[in-house]
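First comes the structure, then the notes that go with it.
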Amino acid sequence: MKRKPVFVFLRNHFDLVWRRGWKRAYRHAGRCYQPYAHLQRLLADHCLRQATEEGAGFEIEQSLSVRAYLEARPGAAVALRKLADENRFSIIGCGEAIIDTNQCCIETLARNLASGLHFARTVQGRWPRVGGRFDGFGSSAQLPQLYRQCGILWVTGFSYSKPDRLYWRGLDGSTVYVRADEFPGVHEFFDHCYQEPCPHCLGTGKVAGDGKPCPECRATGFNLALNTYPPLKPVQVPPDAPFGIIWRQSEEMFPDPALPGLVEEFNRRDPDHEYRWGNLEALLPFFADEIARTDNPPEESVSPHVEWNPVQAGTWVSRIRHKLAARRLERAFFAAEACAALQAMTGGAARREFPSGDLTRIWLELPLQFFHDAITGTHNDPAFDELMDAARSGFQACLEAAGPRPESGEAFVAWSIERESEQLLMLPEGNPAGVNWRGEHGVEIATAFARVPATLMTDARLVALRADSPLRPPAAGEVCLAVSLPDNRPRLFRTAGGISSPVPISGMRMDNGLIGIAWDKNGLTSICDLAEGGCLLSGVGKHNGIRPNELLLERDEGDPWGTRGRERPRTMLGGFTRFVAARRTGSVQEAVFTGTFEPNARFGREADPAVFGLEWTQTVRLHDHVARVDFITEIYWKSANRRIRVAFPTQAKTDRGVYGIPGGYLERERYEMTDNFLWSPNGDWPALDFFATLPGGDASTHTPGVALFNRGTVSSRIENGMLLMSLVRSPAFGHCLERYAQDYPMPWQGALDPGYHVFEYSLAGGFRSREAFPRLLRQAAAFNAVPVLLKTSGAGAPDWPVPLIDNPHVQLLAIKRAFDDDGWMLRVLNTCGDTICMTVAVPGFALCACDLLEQPADDPAGTSDGSPIELGPFGIRSYRLRPRQT
C-alpha cells in the first residue's frame, strides 16, 4: 500500500518590529534586549545548519528577513540556492514584509509585494507561488488584483478576519484561491515563548568585566534554557485526507534540535506514512484542480465580501505620531523617486544621474514602517523610537534624492506626482527652500517638501490659484504659493521678498465665494456651499448640538490593538472652546479657537481623573478660489483610556458612507462593537485619505455629500450623517506587550501618546452625485502628496518627458527604475468603478505593458504608440519605458 505523505514544516513567524526593534538593541531594567535582526540571524543559522547537516528543510515568510540575513551572512546564498533547488528552502510570497494593508497607499502595497518577490527570485531561483498574510490585521480589497499581477493564485495564512469561502474576488474583479492553512496533522504554534535575556550576561552576550563571549548563552544574549519543546508523536492522517502535516512553529524559539532525528525515526517506525520536509508549495498539487478554477470558480464558492475588515480598530489610532510620520515619508518617497526618474530620463545638459542606491535604501524602509506591528502602533517604546528616527532620516534622504534644492531668491521648479488641484507649497520669508525652519511651537518644517501647519504660517502671504487657471509667477511680496499641476508638467517660479500684513476679519463669518463659514464664541456654527446653495454642516437642531469641527472626549478602555470596554460615553468639548481671532493674510482667511478642559482645571479635584492635561488650538482656513476648508488641530494632553474624535454633523441622515482604501473606495454600512476580544473592532472603519457621506434625497430635498480628507488619521465612522474621525487615543494596558514571557519587562507606556500633537485635515463638500467619488479619491491623494521644489539653471521650466494621459480618471502612481535596470517603469490606476478608455504616452519613449513583476503582460494592448486602450474598474496597469530608436 502506498504510504501517505506527511509534510514537516519548520517556520518561524518573524516579526520585524514588535517587542523589539529591528536593528537596535535596547536596555531596560538593567538588561539588554537584542533586536529582531540579530535574533533572526541566529534562528536562520540554526535552520540552515539543520538543513545542510541533517537533511531538514525550512521556509521564511518575508524577504526583508532574508535580506538582513544575507547582509550578515553573504556566504549563505549558495547554500540557500542549493536547498531551494532541492525544495528544502523557500521564501513565501508575502512581499518584503507582511504589511498592514489598510494604512498605506496602493503603490506601497503593490511595490512591497513585487519587490519582495523579485528578491526571493534572486535568492531561490524561482518566483514564489503561494502568498501569505500571516498575522496581518485585515486585508484590503485590492489585494487579489496585486497577487494575480504577481502570478500568485493561492493566498493563505489569513488572521483574525478570514475568508469564508474557497475564493475571494477583489475590488477590480480579480479572484484568488484562499484555502486556509489548516490541514490534518499536528499544529504546534508556540507563540507564548519569547527569548529572554541570558541571566548570566544580562543579554549582552559578553561576560561582564573582560568582554569575552558568554559561555552560558554562547554569546547570543538569550536564555537558551527556555528553548524546550514537548514530545512529538507520529501523525494519524484521516482516511479521507490526501496528506498530513507536522507544523512546529514559533516566533522567537530556536528550532527543535530533535526534529530531524524524529523525522527519520518516524519514517522507520510508521509503515503507513512517509515523512517529508515540506513547504507550502509542496501542497500545490493537492489543490491543483481547485486552483485551476480560480478564473471561473463556482459562484457558491466565492465569498460575497470584497475585503476582510474590520479588525483591531485601535491599530488605526494607536501611536498616531508614527502614523503621520510614515504617511509623510511614503508620499515623499514616491514624489522624490518620480522626480529623480524624470530628470534621469531627460536628455542633454538637464539630465541628472538617477540615485538608484539611495532610493533603494529609502524604499526598503517603507515595508518596515508599514509592517503589521509598526504602523499599527502595537510595538514597544524602543521600537517606536527606532521607527520615528528612520522616518525622519528617510524624509531628509528623500529631499536629497529628489534633486538640488534652491537657495533663497533663486528660480525653482515646482512639481507634483498628483494631477489634481491646490498643492500648497509654502516658503517662509528669508529662508532658502530646503532649510529647516522652526516655527513658534518648535516644529521643524522641511520647506523643500513643505506642508506647514496653519498656525505656524499666519504671517505669510499665500497665492491661491484655481485648478483650471494658468500658473503665474508670484508677485513681489508674495512668499508662498499654491500650485495646481493638472498635467504633471513642472512649472518655474521665483520667490520675492516682503510680508503681507494681516487684516482683522470683522463679524463672525468668512467666505471665499465658494464656501461660507460662521461661528460664535464657542466654535463653528455652520459651513455652507455658496456655489450651489445650501448648508453642508450645522451644529443646530441635530446631533445634540455638536458643532462642525468640535472635539469629543470619549472613554476608550483598551490596549494598542483595540477598544475593550463596551461603555464609551463622550464629552463634547465645544463648551470649553473659545474664539480667539480671525484675519485675512493675502489670499488666505483663517479663524483660530483655543480650549482647555475646564472640569479638570482644579488640581486634585479633576472631574475625569483619567485626564491630566487637555488643551487644544484649532485653526480654520479658507483659500481664495478653493472649494475646500482646511483644518489644523493642535492638542496637548496626558490621559489614560481616552480617545479624542473630531465631529462634522452633515445634513445626511444615513450611517452608510464611502471610505477610501488603497487604490479605490468602498461603500460601507455602520456597525457597532459586539464583543471585547482582542481583535474585536469598535465600530470604526479605516479610511485611507478620505471618507464621505452619500448624496441623497429627491430633487426638492437633495442632500449634498460631504467628504473629509485626512493625512494619516484613518480611523473613521459615520453616525446618522455625522462624520467622526479619531485623532488620538491613550490605551492604558499593554496586553500582548505585557504578557507571555515571565522575565521580559516591556517599556510600552509611550502608547499613551502624551504631549503635543498636530493634525491636518480638510473638508470638501457640495457634491450631488456618486460620480464625484473618483475625483474625491484623487483630490484626497493630492491633499496628501508631497510636492517637490528643485533648483533650475535654465531660463524656463525643464522639458521633462512627463507622461501624457488623456483620461482624468487615471491617477499616476509611480515613475521608477525597472527592477532589472532595463528601462523605466510607469504605473497608473483607474480611480473609478467603470471601465475607461485611455491613452498613455511618454515623449521619446516606447511603452510595453507589464505586470507588477515587470514581465510582459498577457494582453499587451496599446504597448507602444499611445493608442486608446481599456482599463477595467479600479484597474492597475504598468508599462516598461525604453527610449525610442531614432
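The values are calculated or read from the model by the stated rules, or taken from the named source; none is laboratory data. Just so we're clear, the structure is a prediction, and the values are computed from it rather than from any experiment. FYI the Cβ positions are ideal-geometry reconstructions off the backbone, even for glycines, and counts take in every protein chain you see. Keep in mind that these areas ignore ligands, DNA and RNA; they rest on the heavy atoms of the full protein, side chains included. Shrake-Rupley method; radii C 1.70, N 1.55, O 1.52, S 1.80 Å.
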Review point. For segment 4-297, what's the relative contact order in percent, using C-alpha pairs closer than 8 Å and at least 6 residues apart?
Key: 24 percent
Check your understanding: HN-Hα J couplings of segment 54-61 from phi, Karplus 6.51/-1.76/1.60, θ = phi - 60°, integer Hz, Gly and Pro as x?
Key -> 10, x, 7, x, 7, 9, 10, 6
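Which trypsin sites (Lys or Arg not before Pro) in segment 342-385 sit in a loop by DSSP (not H, G, I, E or B) and have at most 13 other Cβ atoms within 10 Å of their own Cβ?
Arg351
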Practice item. Run the quick spin-label model on Asn296 and Gln885: label points 7 Å from Cα toward the beta carbon, then report their separation in nm to one decimal. Key: 4.0 nm
Point to revise | In order through segment 590-599: 3J(HN,Hα) via Karplus (6.51 cos²θ - 1.76 cosθ + 1.60), integer Hz, x for Gly, Pro | key: 8, 10, 10, 10, 10, x, 9, 6, 5, x
Review point. Share of the chain's accessible area from carbon and sulfur, percent, 1.4 Å?
Key: 50 percent
Practice item. With label points built 7 Å along Cα→Cβ from the Cα atoms of Arg392 and Cys535, find their separation and express it in nm. Key: 4.6 nm
Practice item. Take every Cα-Cα pair in the chain and report what % of them are more than 37 Å apart. Key: 47 percent
Point to revise | Residues with amide H under 5 Å from that of Asp689, placed H, sequence gap 5 or more | key: Asn710, Gly712
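Go ahead and run the numbers for FRET between Glu188 and Asp45, Cβ-Cβ distance against an R0 of 25 Å, rounding to 0.05.
So, using R0 = 25 Å, E works out to roughly 0.70.
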Point to revise | Local electrostatic count at Trp308 - Lys and Arg +1, Asp and Glu -1, tallied over other residues with Cβ under 14 Å | key: +1
Exercise for review: Output the peptides 325-338, 523-536, 227-240 sorted from most to least packed, where packing is the average of other Cβ atoms within 10 Å over each peptide's residues.
Suggested key: 325-338, 523-536, 227-240
Check your understanding: So what is the relative contact order of segment 499-611, in percent, for Cα pairs below 8 Å that sit 6 or more residues apart?
Key -> 21 percent
Check your understanding: Where the centre of each part is set by its Cα atoms, how far does segment 554-607 sit from segment 656-735, in angstrom?
Key -> 20 Å
Exercise for review: Scan around Thr220 for amide H atoms under 5 Å from its own, H built in the peptide plane at 1.01 Å from N, and keep only partners 5 or more places away or cross-chain.
Suggested key: none
Revision key, fill the gap. Classified through the alpha carbon gyration tensor (a ≥ b ≥ c as square roots of its eigenvalues; rounded if a/c is under 1.5, else prolate when a/b is larger than b/c, else oblate), segment 550-626 comes out oblate
Review point. How many Å² of accessible area per residue for the chain, probe 1.4 Å?
Key: 36 Å²
Check your understanding: What ranking, highest mean first, results for peptides 102-112, 638-648, 199-209 when packing means the other Cβ atoms within 10 Å averaged over each residue?
Key -> 102-112, 638-648, 199-209
Check your understanding: Among the aspartates and glutamates, which fall within straight-line cross-link reach of Lys82, defined as a Cα-Cα distance under 15 Å, with same-chain neighbours fewer than 8 residues apart omitted?
Key -> Glu53, Glu54, Glu59
Check your understanding: About the Cα centre of the chain, what is the dipole size in debye to 20, counting +1 per Lys and Arg Cβ and -1 per Asp and Glu Cβ, all else neutral?
Key -> 1220 debye
Point to revise | Area accessible to solvent at Phe222, 1.4 Å probe radius, in Å² | key: 0 Å²
Check your understanding: Where a ≥ b ≥ c are the square roots of the eigenvalues of the C-alpha gyration tensor, would you call segment 2-123 rounded, which needs a/c under 1.5, or, failing that, prolate if a/b is larger than b/c, or oblate?
Key -> oblate
Revision key, fill the gap. Note, segment 114-131: 3J(HN,Hα) by Karplus (6.51, -1.76, 1.60, θ = phi - 60°), whole Hz, Gly/Pro = x, goes 5, 5, x, 5, 4, 5, 4, 5, 5, 7, 9, x, 7, 6, x, 10, 10, x
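Just subtract the alpha-carbon distance of Ala607 and Asp289 from 0.36 nm times their residue separation and send over the number in nm, one decimal.
108.0 nm
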Revision key, fill the gap. For segment 313-410, averaging the sequence separation of alpha carbon pairs under 8 Å that lie six or more residues apart and dividing by its residue count, the contact order in percent is 44 percent
Review point. Local charge sum around Thr228 (other residues, Cβ-Cβ under 14 Å, Lys/Arg +1, Asp/Glu -1)?
Key: -3
Practice item. Based on the mean of other Cβ atoms within 10 Å per residue, sort peptides 146-154, 581-589, 665-673 so the most packed one is first. Key: 146-154, 581-589, 665-673
Check your understanding: If Lys and Arg each add +1 and Asp and Glu each add -1, what is the summed charge of the other residues whose beta carbon sits under 10 Å from the beta carbon of Arg148?
Key -> -3
Revision key, fill the gap. Rounded to the nearest Å, the spacing of the alpha-carbon centers of segment 8-77 and segment 238-291 is 22 Å
Practice item. Collect residues whose amide H, placed 1.01 Å from N in the peptide plane, falls under 5 Å from the amide H of Thr525; neighbours closer than 5 in sequence don't count. Key: Ala518, Trp519, Asp520
Point to revise | Length gained when the stretch Leu224-Glu400 is fully extended (0.36 nm per residue, less Cα-Cα span) | key: 58.9 nm
Point to revise | Value of [θ]222 nm, deg cm²/dmol, for the chain, DSSP H segments ≥ 4, -39500 (n - 2.57) each, nearest 500 | key: -5500 deg cm²/dmol
Review point. When all protein chains stay in place, what accessible area (Å², nearest 10, 1.4 Å probe) is found for Tyr160?
Key: 80 Å²
Revision key, fill the gap. With label points set 7 Å from each Cα along the Cα-to-Cβ direction at Asn87 and Ala344, the distance between them in nm comes to 3.9 nm
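What does the C-alpha gyration tensor say about the overall shape of segment 285-369? Classify as rounded when a/c is under 1.5, otherwise prolate if a/b is larger than b/c, or oblate.
Details: a/c = 3.30, a/b = 1.59, b/c = 2.08.
It comes out oblate by the Cα gyration axes.
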Exercise for review: Calculate, in nm to one decimal, what Arg126 and Asp675 gain on full extension: separation in residues at 0.36 nm each, minus their alpha carbon distance.
Suggested key: 193.2 nm
